[in-house]
Amino acid sequence: MIGYRLRGCKGLTLIELLVAMAISAVLIAAMYRTFIGQHRTYTVQEQVVDMQQNARVAINRMMREIRMAGFGNAWNILPPHGLPFSAIDGPFSYIINPRDDRNMIIGQHDDQITIIGAFEQVSTLKTSTDGTNTIELVEKADQFNLINRKYLCVGGLETHIVTGISGNTITLDSNLLFNHAAGTPVFKVKAITYQLRWDNRNPNMPVLTREDQTDGGGSQVVAENIENLQFRFVLEDGSESDSPADPSRIRMVRVTVHARTSLSDPDFKGGVGGFRRRTIASNILVRNMLLNNP
């Protein structure tokens with residue numbers, strides 16, 4: 001009975017099996033091709049999003065600080081009122097110090113800018129001032145020194161040069177112009193430089209850096225894959241210049257950032273080196289320059 005049943009069962013022939021395997025292979029290949037295409041599209045879109053985000057981060061960070069340039073009446077320590085601001089790469093004679101085609105690190109004629117202002121609050125006054133050249137801080141007087149970190153702003157109203165430090169008591173180069181109450185904020189006046197360079201870990205990656213010229217901590221990466229940085233300046237008479245003869249007349253800064261994707265795409269024929277690129281520009285009104293024309 002068992003032998004009879006087996007002889008009565010019909011199976012697949014070799015040809016039928018081969019045909020079924022061929023059809024399955026075609027279907028699997030089509031599905032794999034679709035998956036690869038979707039994965040490539042996803043990867044490209046992810047890189048484009050990262051590139052656009054990098055460009056926005058770069059623009060936003062610079063916008064905040066460039067807009068604050070000159071805060072604290074930093075003209076008090078600049079010509080014609082005083083000596084040039086002394087920093088690591090100084091001296092700097094203006095609130096905004098542009099350098100056109102400064103770096104050329106990647107052959108793109110990239111620009112550089114250094115801005116001066118009271119960018120960082122470090123402490124407050126412990127006692128009210130009495131019109132002399134001595135103030136007492138609640139803490140952190142060691143944030144200042146007599147070398148590069150010697151520029152101090154009280155209340156965002158007046159900037160002086162530190163000439164002596166004893167504990168939390170600081171001696172300034174001249175008497176205070178205003179009376180300030182206890183608790184008034186005290187700021188450190190800095191020179192901040194934005195420029196491009198090659199990344200230290202990846203010599204093929206151009207990065208935007210920010211360097212505090214007063215602290216000596218070196219440049220810090222703000223955004224990666226920024227291959228070109230351009231500044232153009234609108235002056236008080238409405239004219240524009242890449243390299244104004246008198247930077248004290250700058251009233252608006254136009255920043256243009258050119259970003260690229262982190263990886264090249266050999267199948268992309270629309271850009272040099274297979275990179276996709278985006279350009280973001282912004283106009284920044286330098287409000288303190290309007291209020292404090294020396």
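The values are calculated or read from the model by the stated rules, or taken from the named source; none is laboratory data. Owing to the predicted nature of the structure, the values given are computational and were not obtained by experimental measurement. When we count neighbours, we look across all protein chains shown, and the Cβ atoms used for this are built from the backbone with ideal geometry, even at glycine.
Report yes if some residue within the range 210-225 is in contact with a helix residue (DSSP H, G or I) (Cβ under 7 Å, 6 or more places away or on another chain), under 16 Å from A259 (Cβ atoms) and part of a loop (DSSP other than H, G, I, E, B); otherwise report no. Among the residues of the range 210-225, at least one is in contact with a helix residue (DSSP H, G or I) (Cβ under 7 Å, 6 or more places away or on another chain), under 16 Å from A259 (Cβ atoms) and part of a loop (DSSP other than H, G, I, E, B), which makes the answer yes.
Inside the range 193-209, residues that are without any contact (Cβ under 8 Å) to a residue 24 or more places away in the chain and either closer than 13 Å to D89 by Cα or in a loop (DSSP other than H, G, I, E, B) (or both) make up a count of 5. Could you say whether any residue in the range 242-259 is touching a strand residue (DSSP E or B) at 6+ places or on another chain (Cβ under 6 Å), without any contact (Cβ under 8 Å) to a residue 24 or more places away in the chain, part of a strand (DSSP E or B) and under 16 Å from I115 (Cα atoms)? No, that holds for no residue.
Any idea which of P185, P203 is surrounded by fewer than 19 Cβ atoms within 10 Å (Cβ to Cβ), more than 30 Å from P80 (Cβ to Cβ) and either over 23 Å from the mean Cα position of the chain (by Cα) or not acidic (D, E) (or both)?
Numbers: P185 fails: more than 30 Å from P80 (Cβ to Cβ).
Criteria check complete, one pass: P203.
Looking across the range 134-161 at every residue that is polar (S, T, N, Q) and assigned to a loop (DSSP other than H, G, I, E, B), the one that is surrounded by the fewest Cβ atoms within 10 Å (Cβ to Cβ) is identified as N145. The lone criterion from (1) closer than 30 Å to D267 by Cα; (2) of a type in the set (S, T, Y); (3) modelled with pLDDT under 75 left unmet by S24 is number (3). Here G117, G82, G164, G131 are screened, and the one residue that is more than 27 Å from the chain's Cα centre (by Cα) and not in a loop (DSSP other than H, G, I, E, B) is G164.
The single condition from (1) touching a Ser or Thr at 6+ places or on another chain (Cβ under 9 Å); (2) surrounded by fewer than 21 Cβ atoms within 10 Å (Cβ to Cβ) that I115 fails is (2).
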